[in-house]
Amino acid sequence: MLLAADVVVAGVHADLDLVGLDDMGWKALVANLSDIAAVGGRPCYALVTVSGPLARLDVDLLYDGLLEAAEAYGCPVVGGDLSSSPVLVVSVSVVGDGGTAPAAPVLRSGASPGDTLFVTGPLGSSAAGLQLLRAGKGTEGPDLVLAHRRPRPRLNEGAAARVAGATAMIDVSDGLAADLRHLADASGVGVALDHVPVPIGMSRVSDDPEGLALGGGEDYELVFSAPDPDRVETTFAELGLGKPIRFGRCTADPSERRLRDGDLPTVGWVHA
């Protein structure tokens, strides 16, 4: 059994002047589904608790987004609670299936020196979308705006990485630099990155696409390590999934945090 819990707070995790209540509901469930994906599991059902200014809150619209995500990813909402409070807070818990040995759930702590580092897709789209919305230029990058409003949990990719022998895995919710550090610290390894994967054409909407990927967060792509990169790529291809991106390796020096010829920046979401 897998258990995940997360909270989304209006004004902290969702700016309701830029996104809809339905988007906030979607994100509240998807953040938990991504945690299930990050160990290679499958979601079973969710509990949702909402507290907020009920007299002014369109609860139906909020639940539209929650239930759209629940239907899209096969994770029904089976209960929860509703309460009044000054600030809108959506708290979600998800129960998932972790499967059985030998393909046990993938933790953050299993990477070894020499493992290849993969990510399931380019990074920085969500942060770029938020940047466009704040500038009032959402029409200039609709795909980026959608990546921010409706992030996608990589459930199939997480299961594929697990089958392909992933040794450690984490979802990118706080930015690549921060989340990769979490994985390296838990595993006791160093990391050396050859490059930072960003979407093609991102330089048209941002003057620092690499910075958005390293510190922006909320991409919900999966970063994982694996000793046999060819097996990983073959498994993803056999399952009809996009080819994961090789972007670095784990090293024997647990203090090493390197990006090309320099230090990996210390950036990312700060939980306050």
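Read the figures in this text as sums done on the coordinates, not as results from a lab. Just so it is clear, the structure is predicted and the values come from calculations on it, not from any experiment. Cβ: placed from backbone, ideal geometry, glycine included. Neighbour counts: every protein chain shown.
Per-structure values
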item: Kyte-Doolittle at least 0.0, axis length at least 15 Å by Cα - qualifying DSSP helices, the chain; result: 21-37, 59-72, 176-187
item: For q = 0.13 Å⁻¹, Debye-computed log10 I/I(0) when each Cα of the chain counts as one equal scatterer; result: -0.85
item: Among ALA5, PRO113, LEU62 - extreme Cα towards positive end, dipole of the stretch 1-113, charges at beta-carbon; result: PRO113
item: Beta bridges by DSSP in the chain, antiparallel share as percent, to the nearest 5; result: 75 percent
item: The stretch 218-255 and the stretch 18-35: distance between their alpha carbon centers, rounded to Å; result: 26 Å
item: Most fluctuating residue given options THR49, THR251, THR167, as computed from a GNM of the chain linking Cα atoms under 10 Å; result: THR49
item: The stretch 46-95: radius of gyration over Cα atoms, expressed as a fraction of 2.2 N^0.38 Å; result: 1.13
item: Net charge dipole size for the stretch 2-97 [Lys, Arg +1 and Asp, Glu -1 on Cβ; Debye, nearest 20]; result: 240 debye
item: Antiparallel content of DSSP bridges confined to the stretch 2-97, in %, to 5; result: 70 percent
item: Footprinting exposure proxy for SER51, SER206 (fewest neighbouring C-beta atoms within 10 Å first); result: SER51, SER206
item: Computed Kirkwood radius, in angstrom, where 1/r is averaged over Cα pairs of the stretch 94-230; result: 15.6 Å
item: ALA237 paired with ALA186, simple spin-label distance in nm, labels 7 Å along Cα-to-beta-carbon; result: 3.0 nm
item: Residue exposure sequence - HIS148, HIS195, HIS13 - by fewest surrounding Cβ within 10 Å; result: HIS195, HIS13, HIS148
item: The stretch 134-212 shape via C-alpha gyration tensor axes, a/c threshold 1.5; result: prolate
item: Taking the stretch 83-169 and dividing mean pair separation by its residue count, relative contact order in percent (alpha carbons under 8 Å, at least six apart); result: 38 percent
item: Over the chain, relative contact order from alpha-carbon pairs under 8 Å, at least 6 apart, %; result: 24 percent
item: Against the rule of thumb 2.2 N^0.38 Å, how large the Cα Rg of the stretch 1-136 comes out; result: 1.19
item: Equivalent-ellipsoid semi-axes of the stretch 3-54, from the Cα gyration tensor, Å, largest first; result: 23, 12, 9
item: Relative contact order of the stretch 2-97, defined on C-alpha pairs under 8 angstrom at six or more residues apart (%); result: 47 percent
item: Ascending count of other beta-carbon atoms within 10 Å, so fewest first, for MET24, MET169, MET202, MET1; result: MET1, MET202, MET24, MET169
